[in-house]
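Colleague: The structure under discussion is supplied below as structure tokens; questions concerning it will follow.
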Amino acid sequence: MTDPNPISVPFVDLLSQHQLIEDELMTAIQAVIRKGDYILGQALVDFEAAFAADCNLQYGIGVASGTDAIALGLQACGVGQGDEVILPANTFIATLIGVLRAGASPVFVDCDPHTALIDLTAAERAITAKTRAILPVHLYGQMVSPAALLDLARNHNVLIFEDAAQAHLAEREGYRAGSIGAAAAFSFYPSKNLGALGDGGIIVTQTELIAQTAHSLRNYGAVRKYYHTDPGGTNSRLDTLQAAALQVKLPHLAAWNRERYRIAQQYDNRLQRLKSFGVLPIENHSNNGHVYHLYVIRLTQDCPVNRTMLQMELKAHGIQTGIHYPVPCHLQPAFQKLNHQSGDFPHTEALSREILSLPIYPGLTNAQVERVTGLIENLVMKSGHTHLQSLDSVA
Ligand SMILES: *Cc1c(COP(=O)(O)O)cnc(C)c1O
């Protein structure tokens, strides 16, 4: 059967975004080629300063990826062997890998089922004499409450290290993402709100000593050329070329985030009437400071439609969706040695079964959002109807 309404919707669309700024990108890249400072060059220094300033911070240290930003950032804060770091089980695997690579011991806690963010009450209960840091993840583009984090950190004398990989320029309670704690990590993976033309990441901080240590760690542990003081050093620099591309994109970021927010509001409005059918968007508790890296809905137990069925139905109509994330960190086969099992973090595990990420990116049109929500509504209503009928026939 041919589709009478062939509006297809990819999950993200980087090509059309880059097309709009292609001339600027080419000029910036050409300038680096001609200058020849490919490693630790001027465009990197300029971008680091500009990005840090956008976080309301002084120092930015570009590294090879967001994962490296977490590992080296923690190391630069003095977190390592023998230290416990509290992190949410509900996050992308890179958060865990970063903690392990720093040499620290990860301590998972569950999340709030409404926001999918780390449960700070559970985090407080998990604090021991060995706890050095709490690692909040500003998941999907929404910050964990800065006020609550700062309270917790002061009361228990632990440092805060933010995983802001999904939250470039996000705000809450007057704070920018990355500016709450000792230091923070961002990723420039291409599909992030600010993405490079390849891999990249950055550590940001307001503390000079942390910045100096991070500079050394990303450059073989050297304080100056061929003089190595830090054995934890490695080679992890953000390429000058990537920094040049990011510097072109950075001035557009605020407008792109506003567009994501507007699209999310449109989704919220269109999906409102499916609440009684058990379809619930992940809640926004940070007003317009949410930067919607992802727009995620939950198909709760009350929802008559099975997630796989809905995904397949949408796919059949040319609409791509995602699941962020289908297997929680604590149940990944690679990390069995952490000794967790099913049932340890029930909210995280329930979300992994119930969530579905809908397409969201700057450039997504109203018609495309209508198309996605229209198809979801049709399937849910139709299934809800038969569901109710079958309940009637039982009664
Ligand atoms: C993308 C991401 C990372 C890792 O960033 P990479 O640049 O891919 O290494 C870390 N944490 C979260 C929450 C992410 O979404």
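Colleague: With respect to the numbered conditions (1) within 12 Å of the ligand (Cβ to nearest atom); (2) open to solvent by 10 Å² or more (accessible area, probe 1.4 Å); (3) among the acidic types (Asp, Glu), which one is the sole condition not fulfilled by ASP119?
Modeller: (1) is the only condition that ASP119 fails.
Colleague: Same structure, new question: Looking at this structure, is THR95 in a loop (DSSP other than H, G, I, E, B), out of contact with any Ser or Thr (no Cβ under 7 Å at 6 or more places or on another chain) and among the β-branched types (Val, Ile, Thr)?
Modeller: no
Colleague: If I filter region 167-177 down to residues being out of contact with any Cys (no Cβ under 9 Å at 6 or more places or on another chain) and open to solvent by less than 10 Å² (accessible area, probe 1.4 Å), which single residue comes out as farthest from the ligand (Cβ to nearest atom)?
Modeller: Start the filter on region 167-177 by keeping residues that are out of contact with any Cys (no Cβ under 9 Å at 6 or more places or on another chain), which leaves 167, 170-175.
When the remaining residues are screened for being open to solvent by less than 10 Å² (accessible area, probe 1.4 Å), the result is 167, 170.
Numbers: ALA167: 9, ALA170: 12 Å.
So the residue we want is ALA170.
Colleague: Now for a different question. Which residues, taken from region 29-58, are open to solvent by 20 Å² or more (accessible area, probe 1.4 Å), in a helix (DSSP H, G or I) and among the acidic types (Asp, Glu)?
Modeller: Here is the first cut: in region 29-58, the residues open to solvent by 20 Å² or more (accessible area, probe 1.4 Å) are 29-31, 33-40, 42-43, 45-46, 49-50, 53-54, 56-58.
Remaining after also requiring in a helix (DSSP H, G or I): 29-31, 33-35, 42-43, 45-46, 49-50, 53-54.
Result: ASP46, ASP54.
Colleague: Related question: Looking only at residues that are assigned to a helix (DSSP H, G or I), of a type in the set (Asp, Glu) and over 24 Å from ILE7 (Cβ atoms) in region 339-395, which one is modelled with the lowest pLDDT? I'd like the intermediate steps shown before the answer.
Modeller: First pass over region 339-395, keeping only residues assigned to a helix (DSSP H, G or I): 346-354, 366-394.
After this cut, where a residue has to be of a type in the set (Asp, Glu) as well, the list is 349, 354, 370, 377, 392.
Restricting the remaining residues to those that are over 24 Å from ILE7 (Cβ atoms) gives 349, 354, 392.
Working: GLU349: 98, GLU354: 98, ASP392: 60.
Only one residue fits best here, namely ASP392.
Colleague: Would you mention how many residues in region 59-77 are of a type outside the set (Gly, Ala, Ser), more than 12 Å from the ligand (Cβ to nearest atom) and outside any helix (DSSP H, G or I)? Write out each step before concluding.
Modeller: To start, the set of residues in region 59-77 that are of a type outside the set (Gly, Ala, Ser) comprises 59, 61, 63, 67-68, 70, 72, 74-75, 77.
Next, from what is left, pick out any that are more than 12 Å from the ligand (Cβ to nearest atom): 59, 61, 74-75, 77.
If we keep only those that are outside any helix (DSSP H, G or I) too, we end up with 59, 61, 77.
Final tally of qualifying residues: 3.
Colleague: When you scan region 78-90, do you find a residue that is open to solvent by 10 Å² or more (accessible area, probe 1.4 Å), within 13 Å of the ligand (Cβ to nearest atom) and not in a loop (DSSP other than H, G, I, E, B), even just one?
Modeller: Within region 78-90 (the criterion being open to solvent by 10 Å² or more (accessible area, probe 1.4 Å), within 13 Å of the ligand (Cβ to nearest atom) and not in a loop (DSSP other than H, G, I, E, B)), the answer is no, since none of the residues qualifies.
Colleague: I've got another one for you. Within region 134-162, take every residue that is within 16 Å of the ligand (Cβ to nearest atom) and assigned to a strand (DSSP E or B) and give me the one that is farthest from THR91 (Cα to Cα).
Modeller: If we take residues in region 134-162 being within 16 Å of the ligand (Cβ to nearest atom) and assigned to a strand (DSSP E or B), then ILE160 is farthest from THR91 (Cα to Cα).
Colleague: Against the condition surrounded by 20 or more Cβ atoms within 10 Å (Cβ to Cβ) and either closer than 21 Å to GLU84 by Cα or small (Gly, Ala, Ser) (or both), how does ALA184 come out, does it pass? Let's see the steps before the verdict.
Modeller: Details: surrounded by 20 or more Cβ atoms within 10 Å (Cβ to Cβ): yes; either closer than 21 Å to GLU84 by Cα or small (Gly, Ala, Ser) (or both): yes.
Yes, satisfied.
Colleague: Are there any pairs, at least 6 apart or on different chains, whose C-beta atoms fall under 6 Å, with the first in region 120-148 and farther than 27 Å from HIS290 by Cα and the second more than 16 Å from the ligand (Cβ to nearest atom), and if so, which?
Modeller: Within 6 Å, the pairs are ALA126/VAL107; ILE127/HIS156; LYS130/GLU84; THR131/GLU84; THR131/VAL158; ARG132/VAL79; ARG132/ASP83.
Colleague: Could you go through region 284-297 and let me know if any residue there is in a strand (DSSP E or B), without any contact (Cβ under 8 Å) to a residue 60 or more places away in the chain and either open to solvent by 40 Å² or more (accessible area, probe 1.4 Å) or within 19 Å of LEU139 (Cβ to Cβ) (or both).
Modeller: Start the filter on region 284-297 by keeping residues that are in a strand (DSSP E or B), which leaves 295-297.
Imposing the further condition that a residue be without any contact (Cβ under 8 Å) to a residue 60 or more places away in the chain reduces the set to none.
Scanning region 284-297 turns up no residue that is in a strand (DSSP E or B), without any contact (Cβ under 8 Å) to a residue 60 or more places away in the chain and either open to solvent by 40 Å² or more (accessible area, probe 1.4 Å) or within 19 Å of LEU139 (Cβ to Cβ) (or both).
The values are calculated or read from the model by the stated rules, or taken from the named source; none is laboratory data. Bear in mind that the values here come from a model prediction, so they are computed numbers and not experimental data. Using ideal geometry, Cβ is built from the backbone for each residue, glycine included, and neighbour counts are taken over all protein chains shown. Heavy atoms of the whole protein, side chains included, go into the accessibility calculation; ligands, DNA and RNA do not. Shrake-Rupley method; radii C 1.70, N 1.55, O 1.52, S 1.80 Å.
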